[in-house]
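Take a look at the structure below.
The values are calculated or read from the model by the stated rules, or taken from the named source; none is laboratory data. On a predicted model such as this, the values are computed, not experimentally measured, just so you know. When we count neighbours, we look across all protein chains shown, and the Cβ atoms used for this are built from the backbone with ideal geometry, even at glycine.
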Amino acid sequence: MSYRETFWMACDTIDHTRAEYGPFPSRLEAELEARKLGFPYLLRYEHEIGENDEIQDVRVIFLELQDSVVPPPPPPKPPRKLHTRCATCGEAATHTKTWQAEVWADIHEFEHSRHVVRLFEHTRSEGLKEIPDWREQSAA
């Protein structure tokens with residue numbers, strides 16, 4: 001004699017790497033929790049239980065919630081360029097990563113004792129601005 005066991009889960013995506021929350025005995029409970037968590041999907045697991053309480057078959061059904069509130073993806077960061085400039089001799093360079101600017105500054109200050117390198121950030125929205133105390137920030 002076999003019977004079917006059904007339970008519900010809230011989930012964030014239909015991918016196999018999904019996050020699931022539950023189980024819940026009813027769809028209503030799962031739906032309320034999914035909306036609280038901001039999850040757009042419900043999962044219905046159906047287990048076919050056979051003799052000796054062994055699982056014979058498993059069905060997984062995805063249900064998309066209507067009018068689910070899914071936060072929009074964050075806006076992309078505006079592209080930025082980093083500019084290093086020696087305050088002593090005026091030599092300058094452009095970088096895309098912070099570590100590149102640090103390496104350039106370290107080499108320049110090693111090769112030219114008593115030179116001080118300043119760092120600037122340039123974005124289209126804010127223009128060029130100096131990053132004060134940038135050596136102390138990277139050390140922290």
(request) Could you figure out which of (1) assigned to a loop (DSSP other than H, G, I, E, B); (2) surrounded by 10 or more Cβ atoms within 10 Å (Cβ to Cβ) isn't true of S125? (result) (2)
(request) Provide a single number: the residues in the range 57-114 that are within 30 Å of R27 (Cα to Cα) and of a type in the set (A, V, I, L, M, F, W, C). (result) 8
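Considering each of R80, R18, R85, R35 in turn, give the residue that is surrounded by 11 or more Cβ atoms within 10 Å (Cβ to Cβ), over 25 Å from the mean Cα position of the chain (by Cα) and either basic (K, R) or modelled with pLDDT under 85 (or both).
Details: R80 fails: over 25 Å from the mean Cα position of the chain (by Cα); R18 fails: over 25 Å from the mean Cα position of the chain (by Cα); R35 fails: over 25 Å from the mean Cα position of the chain (by Cα).
Among R80, R18, R85, R35, only R85 is surrounded by 11 or more Cβ atoms within 10 Å (Cβ to Cβ), over 25 Å from the mean Cα position of the chain (by Cα) and either basic (K, R) or modelled with pLDDT under 85 (or both).
For the range 40-91, give me each residue that is under 22 Å from W104 (Cβ atoms) and either touching a Pro at 6+ places or on another chain (Cβ under 7 Å) or assigned to a loop (DSSP other than H, G, I, E, B) (or both).
At the first step, the residues of the range 40-91 found to be under 22 Å from W104 (Cβ atoms) are 79-91.
Correct list: P79, A87, T88, C89, G90, E91.
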(message) Cβ contacts < 9 Å: first residue under 13 Å from S2 (Cα atoms), restricted to the range 42-68; second residue among the small types (G, A, S) and surrounded by 11 or more Cβ atoms within 10 Å (Cβ to Cβ), any location; separation 6+ or different chain. Result?
(response) Q56/G50; D57/G50
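Taking the stated definitions as given, is I107 assigned to a loop (DSSP other than H, G, I, E, B) and either assigned by TED's automatic domain parsing to the domain that holds L128 or under 31 Å from the mean Cα position of the chain (by Cα) (or both)?
Working: assigned to a loop (DSSP other than H, G, I, E, B): no; either assigned by TED's automatic domain parsing to the domain that holds L128 or under 31 Å from the mean Cα position of the chain (by Cα) (or both): yes.
The answer is no for I107.
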(request) Report whether or not E51 is among the acidic types (D, E) and outside the structural domain of D133 (by TED's automatic domain parsing). (result) yes
